[in-house]
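Working notes for the structure below.
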Amino acid sequence: MAYYLEDQIDGLVLGERRPTINEYFLSSYSMAIYDGCEFGCPYCDGWAYRMRPFNETVRIATDLPLLADQELDALDRGDLVGITALTDPYQPAEATYRLTRQFLQRLAERGQPCLILTKSHTVLEDLVVLEQINRQSLAIVMFTLLTIDPYLSGKLEDKASAPALRLDAISELKRAGIPVGVAYLPVIPYVTDTDYMLSTTLHAVVEAGADFVVWDYLNIPSERHRARINDMIARIGTYPPSYYRDLYGTQPLPDATYRAERDRELLARCDSLNLPVRAPYALYSGKLKPQNEAALLLKHTAFRDAVQGRVHMARLNRDLATLVYRGTASEAQLRESPLYLTLKEILGRI
């Protein structure tokens, strides 16, 4: 069990508005409710940014709700707030302090759209307030799900909710009308990236009723974290350290060839299951600022372009997404995109 340290916030709750919209989580702001995470999943790169163990101490900012009131009053109601930054908002501390619930209640009072990323089925305890936010604007819940194998999940994230509980929570949220996504984060080479693992996990996601899935790859930003990852995979099976040395070298991400091949495989499998690989436009249409909607549509299109080899088009749409998000895209720049007519329709609501 982690040690809980009650504290005060030194700075902003939400931080500055992102310079470009987050295409995974649709967010203009990213925040953490708690500082530190009792789940302490060994693959999490949150370990790499702490001198002490990531799950040893959880700081509880008791003044977070009060400070959030002040910051939320200044936010544009079309900017989505992502509760997605490293620590889980429904870790065990939430049962005592209810900071996530208090923050969500403040979002509901203002009709501020939000997205929650969690590994815990206890998000269902806040279903009423999530429904309230979703009626006013947009509330999305995303579950991190690496595998549906309970044995493997126990090795990777033993303190988080079992995969079956997360899948059940997806179904319950969908029945309540709450949009739900799955974050296949991170894809762990030689562990969760096999054809069998992809097939079983994605089929379970579809059967549970998730609206979309996103993925990214295991990040190893430091040598300390590399040692932790080596220890983790040694507990799972017989994986020589040379496997990761060959795949990563000295870089934080696996080599580009590996990522491109897995991206193609994941995209093909999702397409065959009719599972969107980013949040579908219909999910957020009319619920965010027009600039944000247009930027997301461009980025999501760019992702598919990049995976399918249309590199020039992907770069054009990504660059244009940032300009649109900032409100600086010219008519001539918009015309360069194949999405021009759709973009004009969206931006015409400004």
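Residue pairs whose Cβ atoms lie under 7 Å apart, sitting 6 or more positions apart in sequence or on different chains, and linking a residue in the range 86-97 that is within 17 Å of F25 (Cα to Cα) to a partner that is part of a loop (DSSP other than H, G, I, E, B) and among the polar types (S, T, N, Q), are D88/S120. Listed by first and then second residue, the pairs with beta-carbon distance under 7 Å, at least 6 apart or on different chains, first residue in the range 1-21 and touching a residue at least 24 places away in the same chain (Cβ under 8 Å) and among the charged types (D, E, K, R), second exposed (fewer than 15 other Cβ atoms within 10 Å of the Cβ) and assigned to a loop (DSSP other than H, G, I, E, B), are E6/T62.
Only one of the listed residues (V141, V128) is more than 20 Å from V213 (Cβ to Cβ) and not in a loop (DSSP other than H, G, I, E, B). That residue is V128.
From the set of residues in the range 276-322 that are aliphatic (A, V, I, L, M) and in a loop (DSSP other than H, G, I, E, B), which is surrounded by the fewest Cβ atoms within 10 Å (Cβ to Cβ)? Within the range 276-322, the match that is surrounded by the fewest Cβ atoms within 10 Å (Cβ to Cβ) is V277.
When we screen R318, R304, R259 for residues that are out of contact with any helix residue (DSSP H, G or I) (no Cβ under 9 Å at 6 or more places or on another chain) and modelled with pLDDT of 95 or more, the only hit is R259.
V213 meets the conditions (1) part of a helix (DSSP H, G or I); (2) within 30 Å of S171 (Cβ to Cβ) in every case but one. The failed one is (1).
Per-residue answers, yes or no, for (1) in contact with a helix residue (DSSP H, G or I) (Cβ under 8 Å, 6 or more places away or on another chain); (2) at pLDDT 95 or above; (3) crowded, with 17+ Cβ neighbours inside 10 Å:
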| site | (1), (2), (3) |
| --- | --- |
| H203 | no, yes, no |
| A208 | yes, yes, yes |
| R226 | yes, no, yes |
| I233 | yes, no, yes |
| R269 | yes, yes, yes |
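Within the range 23-30, none of the residues are surrounded by fewer than 18 Cβ atoms within 10 Å (Cβ to Cβ), polar (S, T, N, Q) and either at pLDDT 90 or above or touching a helix residue (DSSP H, G or I) at 6+ places or on another chain (Cβ under 8 Å) (or both).
The rows are residues; the columns are (1) farther than 27 Å from R262 by Cβ; (2) part of a strand (DSSP E or B); (3) not aliphatic (A, V, I, L, M).
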position: Q132; (1), (2), (3): yes, no, yes
position: T147; (1), (2), (3): no, no, yes
position: Y151; (1), (2), (3): no, no, yes
position: A164; (1), (2), (3): no, no, no
position: G177; (1), (2), (3): yes, no, yes
position: V206; (1), (2), (3): no, no, no
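Of all residues in the range 224-246, those that are without any contact (Cβ under 8 Å) to a residue 60 or more places away in the chain and outside any helix (DSSP H, G or I) have Cβ atoms under 7 Å from Cβ atoms of residues that are surrounded by 12 or more Cβ atoms within 10 Å (Cβ to Cβ) and not aromatic (F, W, Y), 6 or more apart or on another chain, in Y239/I233. Selection of the range 98-116 for residues being part of a helix (DSSP H, G or I) and either surrounded by fewer than 16 Cβ atoms within 10 Å (Cβ to Cβ) or free of Cβ contacts under 8 Å to residues at least 60 places away in the same chain (or both) yields R101, Q102, L104, Q105, R106, L107, A108, E109, R110. Out of the range 179-194, which residues are part of a loop (DSSP other than H, G, I, E, B) and in contact with an Asp or Glu (Cβ under 6 Å, 6 or more places away or on another chain)? Correct list: P179 only.
Can you tell which of D168, D193, D149, D158 is touching a Lys or Arg at 6+ places or on another chain (Cβ under 9 Å) and of a type in the set (D, E)? Write out each step before concluding.
Details: D168 fails: touching a Lys or Arg at 6+ places or on another chain (Cβ under 9 Å); D149 fails: touching a Lys or Arg at 6+ places or on another chain (Cβ under 9 Å); D158 fails: touching a Lys or Arg at 6+ places or on another chain (Cβ under 9 Å).
Only one candidate qualifies: D193.
Residues that are crowded, with 21+ Cβ neighbours inside 10 Å, touching a residue at least 12 places away in the same chain (Cβ under 8 Å) and outside any helix (DSSP H, G or I) within the range 323-338 comprise just one, S337.
The values are calculated or read from the model by the stated rules, or taken from the named source; none is laboratory data. Predicted, not measured: the structure shown is a model, and the values here were computed from it. Backbone-built Cβ (ideal geometry, glycine too); neighbour counts: all protein chains shown.
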